[in-house]
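J.: The structure is given below, and queries will be raised subsequently.
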Amino acid sequence: MILAAAPWLLALVSTGAADQINAEYRDLVGRYARGERGSAVAGLGRFSDAERSRAAQAGEGAARAAQRRTAVAPPFPLRAAAMLHVDLDEAERPEWAGQEQPARCPGKQAAIAARYAALLAGHDETQGFARRFFVALAHRCQWNACLPEAQRWVREGLKLFPRDAPLLLAAGSALEEAATLWGGSSVQRSDMSPVYREAARTAAGQRDGLYRQARGFFEGAIVADDGLALARVHLGRVSWRLGERGAAQAALEQAVARSTDRPLLYLAHLFLGRVHEDADRLEEAVAHYRRSLALDPDAQAAAVALSHALRLTDQVEESRAVLRHALARAGRRTARDGYWDYLVANAVDGDEMFAALRRESLE
Amino acid sequence: MNGRARWFGITALAVTPAVPRAPAQAPPVFRASVEAVYVDVFVSRGGEPIPGLHASDFEVKDNGVRQAAELVAAESRPLRAVLVFDTSSSLTGERLPALKAAGRAFLNALRPDDEAALVGFSEEIAWLAPPTTDKVAVRDALDQLEPEGATSAFDALYAALALSEAGGQSLIVLFTDGEDNTSFLDEKQLTTAIERSNALVHTVVWQQSLAASLATAPASLERFAPTAPLDPDHIRAMRHIAEAAGGRFWSADSPERLRRAFADIADVMGHRYILRYEPQGGRREGWHRIEIKLRGRKGDVQARQGYWMAPRP
């Protein structure tokens with residue numbers, strides 16, 4: 001791909017710093033940029049950890065030096081360098097171990113790639129690449145249940161792009177998932193010793209703190225992009241988690257009003273139903289659960305929610321009929337229930353985003 | 001939003017589900033027109049069941065009003081045992097074979113007239129074997145379980161409660177090895193469902209040993225003898241759900257302990273008393289609190305904490 005003309009990208013003047021770069025490393029990056037991805041990744045894979053770090057450090061130094069001087073090219077294509085390290089990271093991470101939350105977290109090579117991406121953020125021509133790189137890395141981390149890493153890369157991205165809506169959404173989503181799947185002991189009971197009660201109270205406070213942080217990021221995402229209806233769904237859900245039913249209802253109703261996306265509307269109505277159910281407005285709850293189920297007639301989550309609400313309103317036969325239908329469809333659905341993946345819905349595209357960035361890195 | 005699973009496949013349960021037909025009998029939520037209330041009672045001392053008790057040994061109160069209860073022979077009330085088994089992807093290694101073995105032993109302990117059923121769940125719930133007296137059919141379905149997917153334990157238990165009601169009595173045995181991460185319902189909603197059900201629920205959880213738990217607990221807590229354990233929320237929820245439904249919480253950290261837990265559940269069911277009474281002192285709609293004590297004897301009494309009286313249709 002021919003890049004837009006940026007003096008520092010196109011000039012052919014080399015620097016002293018660039019001369020210190022491992023020649024083989026420079027060659028590997030060049031091969032990657034020419035589309036020889038497999039051999040480039042394999043070649044870098046033969047470097048020791050220390051050799052990779054030294055080569056990348058020299059490359060970054062040369063790139064920085066080039067940035068400080070106008071009309072000086074970086075030592076090699078930086079986008080290709082970033083993607084080379086990302087691909088090596090992916091190739092070297094251990095295979096899924098078969099657990100529900102496998103630890104397949106992007107590591108050292110992803111960190112090197114992120115440093116290259118940060119260098120790209122300072123230029124109009126490449127900052128779009130850099131911005132999407134951090135979103136993709138955060139999504140890949142969250143998808144792999146590496147929530148601290150997801151938060152780390154989102155923070156790094158937000159330092160460079162503080163008002164970027166997808167980054168803000170990714171930040172909130174990783175925090176929301178961490179809070180929701182939080183496996184501690186937060187329920188305080190009267191039969192607990194004071195020490196345990198205090199520990200549970202502290203833990204509950206920490207979890208709510210995560211939800212509050214998530215809420216802040218979702219609000220920021222909406223400010224940055226008023227049309228980001230998914231952020232409103234998340235804002236509604238975390239507001240409900242925090243016991244703020246009014247705010248939850250308002251955010252979810254706005255999501256419904258601003259979107260025509262069926263999967264998103266499915267979630268919004270499902271969550272609105274729960275807000276009304278908690279407020280003992282059972283007829284409204286049933287109505288929203290019905291709308292949710294109508295948007296995905298085979299969905300189990302909506303069917304369970306509706307069935308439960310119908311029982312509360314003593315409509316027992318319909319309650320069981322709804323449930324029976326949903327269970328009869330088990331194993332026969334062609335698409336997944338959107339509720340199952342709600343917490344990671346925005347993170348599903350990490351690999352696709354990297355594939356697009358990889359194409360952009362070709363020269 | 002997407003059609004891709006994070007840590008599980010698209011088809012969570014490979015076995016074609018068999019949804020039970022609508023039961024012919026009335027649901028077990030006690031209606032104002034229903035005459036009698038049946039309560040399973042377990043009596044023990046030092047962990048050992050106390051046999052040979054008579055109706056006169058029990059004091060039963062319904063919403064604080066003393067009731068005239070009689071004992072019903074357990075043999076006269078066949079059980080409907082619903083096994084609700086976690087098949088999520090964490091059930092790897094020794095866990096799934098151990099669960100299958102424990103389930104088979106439990107089925108063998110049922111009486112010929114008792115019915116059995118199997119519900120499997122990951123993030124998706126499926127009736128893998130409808131209620132039947134043909135235990136071989138249930139065993140066959142059990143043998144086909146494969147681990148895959150996430151965990152919707154609360155939703156699965158709700159489905160078992162709601163669909164196993166058939167006028168007779170249901171015993172639900174829920175097994176899970178991990179934290180619920182994809183249920184829509186939470187503990188509060190499930191407790192409400194239990195209050196409106198007549199099912200007896202035992203929960204069996206595979207969890208790390210106490211020593212391993214302590215290793216991950218805050219160090220400052222080890223010095224204190226707790227008056228109640230600091231269970232993770234999902235363990236505490238399973239304990240609470242079982243107790244609310246008159247059953248027990250069982251913990252296992254090895255195949256042998258799992259086998260023993262299921263054997264003990266079967267044993268406990270064989271030593272239960274069934275008390276029957278026609279509520280005196282009002283049939284008001286809503287929650288009825290049941291209190292059962294022993295008269296003139298020492299022992300631990302375990303029974304469901306109450307029932308829900310639905311309005312007249």
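J.: Can you pull out the residues in the stretch B:173-204 that are of a type in the set (Ser, Thr, Tyr) and over 18 Å from B:Phe262 (Cβ atoms)?
T.: Scanning the stretch B:173-204 gives B:Thr182, B:Ser183, B:Thr191, B:Thr192, B:Ser197.
J.: Taking only the stretch B:84-125 into account, find how many residues are at pLDDT below 95, more than 21 Å from B:Leu161 (Cα to Cα) and crowded, with 22+ Cβ neighbours inside 10 Å.
T.: Residues flagged as at pLDDT below 95, more than 21 Å from B:Leu161 (Cα to Cα) and crowded, with 22+ Cβ neighbours inside 10 Å within the stretch B:84-125 amount to 3.
J.: Does A:Gln151 qualify as being among the polar types (S, T, N, Q) and in a helix (DSSP H, G or I)? Outline the logic, then answer.
T.: On the way: among the polar types (S, T, N, Q): yes; in a helix (DSSP H, G or I): yes.
Here the answer is yes, as A:Gln151 does meet what is asked.
J.: Suppose we filter the stretch B:262-303 for residues that are among the basic types (Lys, Arg), surrounded by 13 or more Cβ atoms within 10 Å (Cβ to Cβ) and at pLDDT below 90; how many remain?
T.: 3
J.: Within the set of pairs 6 or more residues apart or between chains, which connect a residue that is part of a loop (DSSP other than H, G, I, E, B) inside the stretch B:62-73 to a residue that is buried (at least 16 other Cβ atoms within 10 Å of the Cβ) and of a type in the set (Ser, Thr, Tyr) with Cβ atoms less than 9 Å apart?
T.: Every condition considered, the pairs that remain are B:Ala68/B:Tyr277; B:Ala69/B:Tyr277.
J.: A further question follows. So A:Ala355 clears everything in (1) within 8 Å of chain B (Cβ to nearest Cβ); (2) farther than 29 Å from B:Ala310 by Cα except one condition, right? Which one?
T.: Failed condition: (1).
J.: Test of understanding: among B:Glu115, B:Glu94, which residue is more than 16 Å from B:Asp253 (Cβ to Cβ) and of a type in the set (Asp, Glu)?
T.: Values: B:Glu94 fails: more than 16 Å from B:Asp253 (Cβ to Cβ).
Unique residue meeting the criteria: B:Glu115.
J.: Then there's this: Is it true that A:Leu158 is aliphatic (A, V, I, L, M) and either closer than 18 Å to A:Ala355 by Cβ or at pLDDT below 95 (or both)? Before the answer, list the steps.
T.: On the way: aliphatic (A, V, I, L, M): yes; either closer than 18 Å to A:Ala355 by Cβ or at pLDDT below 95 (or both): no.
For A:Leu158, the condition - aliphatic (A, V, I, L, M) and either closer than 18 Å to A:Ala355 by Cβ or at pLDDT below 95 (or both) - is not met.
J.: Being on the phi < 0 side of the Ramachandran plot, touching an Asp or Glu at 6+ places or on another chain (Cβ under 7 Å) and more than 9 Å from chain B (Cβ to nearest Cβ) narrows it down to one residue among A:Ala178, A:Ala247, A:Ala174, A:Ala214; which is it?
T.: A:Ala214
J.: Select from the stretch A:175-194 the residues that are modelled with pLDDT of 80 or more and over 15 Å from A:Arg241 (Cα atoms) and list them in ascending order. Walk me through how you get there before you give the answer.
T.: Keep residues of the stretch A:175-194 that are modelled with pLDDT of 80 or more, which gives A:175-181, A:194.
Correct list: A:Pro194 only.
Conditions (1) under 31 Å from the mean Cα position of the chain (by Cα); (2) surrounded by fewer than 22 Cβ atoms within 10 Å (Cβ to Cβ); (3) of a type in the set (A, V, I, L, M), marked per residue:
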{"site": "A:Ala321", "(1), (2), (3)": "no, yes, yes"}
{"site": "A:Arg333", "(1), (2), (3)": "yes, yes, no"}
{"site": "A:Asp341", "(1), (2), (3)": "yes, no, no"}
{"site": "A:Val348", "(1), (2), (3)": "yes, yes, yes"}
{"site": "A:Arg359", "(1), (2), (3)": "yes, yes, no"}
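J.: Across the stretch A:313-335, what is the number of residues that are in a helix (DSSP H, G or I), more than 23 Å from A:Phe271 (Cβ to Cβ) and at the interface with chain B (Cβ under 7 Å from one of its Cβ atoms)?
T.: 4
J.: Same structure again: Identify the residue in the stretch B:143-155 that is part of a helix (DSSP H, G or I) and surrounded by 24 or more Cβ atoms within 10 Å (Cβ to Cβ) and, among all such residues, is farthest from the other protein chains (Cβ to nearest Cβ).
T.: The extreme case among them is B:Ala153.
J.: Given (1) at the interface with chain B (Cβ under 8 Å from one of its Cβ atoms); (2) within 28 Å of the chain's Cα centre (by Cα); (3) within 20 Å of B:Gly149 (Cα to Cα); (4) surrounded by 17 or more Cβ atoms within 10 Å (Cβ to Cβ), where does A:Ala299 come up short, assuming only one miss?
T.: All conditions pass for A:Ala299, except number (1).
J.: Here's something else I'd like to know. So which pairs qualify, if the first residue must be in the stretch A:336-347 and more than 7 Å from chain B (Cβ to nearest Cβ) and within 12 Å of A:Gln142 (Cα to Cα), the second must be buried (at least 24 other Cβ atoms within 10 Å of the Cβ) and charged (D, E, K, R), the Cβ gap must be under 8 Å, and the two must be at least 6 apart or on different chains?
T.: A:Leu343/A:Glu176; A:Ala347/A:Arg140
J.: Ok, one more. Output the residues belonging to the stretch B:157-177 that are assigned to a helix (DSSP H, G or I) and within 9 Å of another protein chain (Cβ to nearest Cβ).
T.: Once the filter is applied, which keeps residues that are assigned to a helix (DSSP H, G or I) and within 9 Å of another protein chain (Cβ to nearest Cβ), the stretch B:157-177 yields B:Tyr158, B:Ala159, B:Ala162, B:Leu163.
J.: On to the next question. Go through the stretch B:178-202 and give me each residue that's touching a helix residue (DSSP H, G or I) at 6+ places or on another chain (Cβ under 6 Å), part of a loop (DSSP other than H, G, I, E, B) and touching a residue at least 60 places away in the same chain (Cβ under 8 Å).
T.: B:Ser197, B:Ala199
J.: Select from the stretch A:65-83 the residues that are within 29 Å of the chain's Cα centre (by Cα) and assigned to a helix (DSSP H, G or I) and list them in ascending order.
T.: To start, the set of residues in the stretch A:65-83 that are within 29 Å of the chain's Cα centre (by Cα) comprises A:77-83.
A:Leu78, A:Arg79, A:Ala80, A:Ala81, A:Ala82, A:Met83, listed by residue number.
J.: If you scan the stretch B:50-64, which residues turn out to be touching a Gly at 6+ places or on another chain (Cβ under 7 Å) and exposed (fewer than 15 other Cβ atoms within 10 Å of the Cβ)?
T.: none
J.: Identify, from the list A:Ala268, A:Ala355, the residue that is within 24 Å of the chain's Cα centre (by Cα), crowded, with 24+ Cβ neighbours inside 10 Å and among the aliphatic types (A, V, I, L, M).
T.: So the residue among A:Ala268, A:Ala355 that is within 24 Å of the chain's Cα centre (by Cα), crowded, with 24+ Cβ neighbours inside 10 Å and among the aliphatic types (A, V, I, L, M) is A:Ala268.
J.: Do we have any residue at all in the stretch B:119-141 that's away from chain A (no Cβ under 11 Å), touching a residue at least 24 places away in the same chain (Cβ under 8 Å) and of a type in the set (Asp, Glu)? First the steps, then the outcome.
T.: Going residue by residue through the stretch B:119-141, those that are away from chain A (no Cβ under 11 Å) are B:129, B:131-141.
Okay, now just the ones that are also touching a residue at least 24 places away in the same chain (Cβ under 8 Å), so B:129, B:131, B:135, B:138-139, B:141.
Retained after the next criterion (residues that are of a type in the set (Asp, Glu)): none.
No, there is no match, as no residue in the stretch B:119-141 is away from chain A (no Cβ under 11 Å), touching a residue at least 24 places away in the same chain (Cβ under 8 Å) and of a type in the set (Asp, Glu).
J.: Continuing with this model, one more query. Name every residue in the stretch A:278-296 that is out of contact with any Leu (no Cβ under 7 Å at 6 or more places or on another chain) and within 12 Å of chain B (Cβ to nearest Cβ), in order of residue number.
T.: A:Asp278, A:Asp280, A:Ala285, A:Asp296
The values are calculated or read from the model by the stated rules, or taken from the named source; none is laboratory data. Small disclaimer: the values here were computed from a predicted structure and weren't measured. Because the Cβ atoms are built from the backbone with ideal geometry, glycine has one as well, and the counts that use them run over all protein chains shown.
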